[in-house]
Amino acid sequence: MLRPGSGKPQGGVPRGVGSDYASLAERIAERGCSLGKPLHLEAEVTSTNDLAKDAARSGAPHGTTFVAETQSAGRGRQGRTWLATRGESILVSVVLRVACPPRRLPTLALACGLAARDAVAKATRTTPMVKWPNDVWLDGKKVAGVLVEGVIQGDKVSAVIVGVGINVHTRVWDEAILPIATSVAMHAHAEGAPPDRATLLADLLAAIDHDVGLVAARGIGLVHARLERYDALRGRRVRGDGDEPGGVAEGIDLEGRLLVRRDDGSLARLSAGEVHLGA
Ligand code: BTN
């Protein structure tokens, strides 16, 4: 997917950036999207979320977007590392200037997970699900992850950074990841062309653009029906990371919390952390 680098930008992309991204700005413009402008395409960065955060602190406008081919310090939720083979994924972070009280950030993250789901659904013509809070699953394996971070100034969120990693072309996985990871290519329509990162990324930005401002202003009521429809955990037994007893997932409330019916009949509302399938 990567062009051999010549030292000079060629075909509209900087050296070390895949030529499939040459049409990205055009794909974004076709969708009338307010995100993806200005667009920074980078061969290698520490973390696109870090670049977006720094840019936001320096006054970068709504829509500023960083896309990279590889990250030396890619981050996931809960301090995990996000690994991606160069050129095989979408690694993107967007600066959003939306009025959002800090307490609403988790619901924004849910909306971004849904947006990633929708973009993957379009690329694969399948029905991916969202595993609370915002992993995208295909056949029970993770195809995309979302990391939403607030840039806080005083008691206000001055910018929201939405970072998304989507496994696109990867077919070979480390042994440890193999049971839990999948990619768009592994689910792409058999007769179709290989997945096109520019189209997928433009669809992702358009989907985020469509929902996130509304969710920031009014909460997740507007997307709640879709959260329910694509909830990978509903009706399944889950447990958290700690010593708390597990139970059966019963959906997501309007604060974005996961509802878990415990064996003693009580209803737990989980607002943070990780949940796993199983007893
Ligand atoms: C998760 O599933 O835990 C979230 C993963 C988010 C990864 C993306 S890749 C682009 C952006 N830059 C980062 O360092 N992280 C996010």
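What follows draws every value from the coordinates through simple rules; no lab data is involved. Just so you know, these numbers come straight off a predicted model, no measurement behind them. Here Cβ is always computed from backbone atoms with ideal geometry, including for glycine, and neighbour counts include all displayed protein chains.
Below are the figures for this structure:
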item	result
Average projection area in nm² (convex hull over Cα atoms of the chain, one quarter of hull surface)	15.3 nm²
Percentage of interatomic Cα-Cα distances in segment 190-279 larger than 20 Å	51 percent
Spin-label model distance (nm) - ARG236 vs ALA268, 7 Å beyond Cα toward Cβ	1.7 nm
For the chain: relative contact order, % (alpha-carbon pairs under 8 angstrom, 6 or more apart)	17 percent
Rg in Å to one decimal, and Dmax rounded to a whole Å, for segment 86-185 via C-alpha atoms	14.7, 45
Per-residue HN-Hα couplings for segment 84-92 [Karplus 6.51, -1.76, 1.60; θ = phi - 60°; Hz; x = Gly/Pro]	8, 6, 3, x, 9, 10, 9, 10, 9
Inter-site label distance for ILE152 and GLU228 at 7 Å from Cα along Cβ, in nm	3.3 nm
Normalised contact order of segment 93-247, rounded percent, pairs of Cα under 8 Å and 6 or more residues apart	29 percent
Sequence-separation-based contact order of segment 1-117, relative, with Cα cut under 8 Å and 6+ spacing, percent	22 percent
